[in-house]
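K.L.:
I have a structure here, written as structure tokens, and I will follow up with some questions on it.
The values are calculated or read from the model by the stated rules, or taken from the named source; none is laboratory data. Since this is a predicted model, take the numbers as computed values, not measurements. Cβ placement follows ideal geometry from the backbone for every residue including glycine, while neighbour counts extend to all protein chains displayed.
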Amino acid sequence: MLAPVIVALIIAAVIGLFVWMYRSSRADRAQANAALQTMAADLGATFDEATRSVTGHLSGRAVTVTEDVQRDREGDYNRFARITVALRGATTLQVLRRSGALASIPGDLPTGDATFDRWLVVGTNDAAKVRQALAPDLLRHFVEWERSGWLWEVRVAEGHLRYAGGEGFMRPDQVEKTMAVLRAMVHLAERLE
């Protein structure tokens, strides 16, 4: 007689847990959407909820921030941010995560910052300009973002600076951190011109 009661309690607890998780994720998403609305207002734009993207201007530059979702081999969904910043000039730049397979890239530029050079690799066609643009504060941010999984790559080519990294826009703190990365990318674009 006790076994059916225990089974019923376990089932009720599992159902209650799933209901709580569903409501919690919906509340987080609503708060994240509100944070994205605030971001859009700061950029003089509107937030497109269908594409989870914002296109506007920051410091007079055209910028786009988009949540990208990709499915991995195990079937899990990976969410991350893509940032695009318009810039003028012919400088090319790559900042990529250093791995065993990626020890160097064309135009490899050691920055002289041992911590940065251990975690990331830089390639460019204009070493002098990029050395000037990659100020110590920006190098520290890049290392911090790489260590926390927030920096996958930064590429500058064909009039755009493109960033990929982060965790998507599921919580307000992720949106706030993406806005901080966007400000840094706009600052980098300014330094590269």
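K.L.:
Can you pull out every residue in the stretch 78-92 that is closer than 10 Å to Gly166 by Cα and aliphatic (A, V, I, L, M)?
P.N.:
Ala81
K.L.:
Do you know which of the residues in the stretch 171-193 that are surrounded by fewer than 16 Cβ atoms within 10 Å (Cβ to Cβ) and free of Cβ contacts under 8 Å to residues at least 40 places away in the same chain is nearest to Arg88 (Cα to Cα)?
P.N.:
Selected residue: Ala180.
K.L.:
Limited to the stretch 25-84, what total is found for residues that are under 14 Å from the mean Cα position of the chain (by Cα) and charged (D, E, K, R)?
P.N.:
Residues flagged as under 14 Å from the mean Cα position of the chain (by Cα) and charged (D, E, K, R) within the stretch 25-84 amount to 5.
K.L.:
Right, something else. Can you tell me which condition Leu151 does not meet? The list is (1) of a type in the set (A, V, I, L, M, F, W, C); (2) modelled with pLDDT of 90 or more; (3) more than 27 Å from Gly168 (Cβ to Cβ), and all the others hold.
P.N.:
So Leu151 meets the others, but not (3).
K.L.:
A follow-up question, please. Give the number of residues within the stretch 38-94 that are surrounded by 13 or more Cβ atoms within 10 Å (Cβ to Cβ), part of a strand (DSSP E or B) and without any contact (Cβ under 8 Å) to a residue 60 or more places away in the chain.
P.N.:
10
K.L.:
In addition: Keeping to the stretch 138-169, report how many residues are in contact with an Asp or Glu (Cβ under 6 Å, 6 or more places away or on another chain) and over 20 Å from Thr91 (Cα atoms).
P.N.:
Of the residues in the stretch 138-169, 2 are in contact with an Asp or Glu (Cβ under 6 Å, 6 or more places away or on another chain) and over 20 Å from Thr91 (Cα atoms).
K.L.:
Looking at (1) free of Cβ contacts under 8 Å to residues at least 24 places away in the same chain; (2) farther than 29 Å from Ser53 by Cβ; (3) of a type in the set (S, T, N, Q), which is the one condition that is false for Thr111?
P.N.:
Answer for Thr111: the failing condition is (1).
K.L.:
Scan the stretch 136-170 residue by residue and report those that are of a type outside the set (A, V, I, L, M, F, W, C), part of a strand (DSSP E or B) and surrounded by fewer than 18 Cβ atoms within 10 Å (Cβ to Cβ).
P.N.:
Glu153, Arg155, His160, Arg162, listed by residue number.
K.L.:
Would you check if Leu182 is more than 12 Å from the chain's Cα centre (by Cα) and either closer than 26 Å to Leu36 by Cβ or at pLDDT 95 or above (or both)?
P.N.:
No, not satisfied.
K.L.:
From Trp119, Trp152, grab the single residue that is aromatic (Phe, Trp, Tyr) and within 13 Å of the chain's Cα centre (by Cα).
P.N.:
Just a single option satisfies the conditions, and that option is Trp152.
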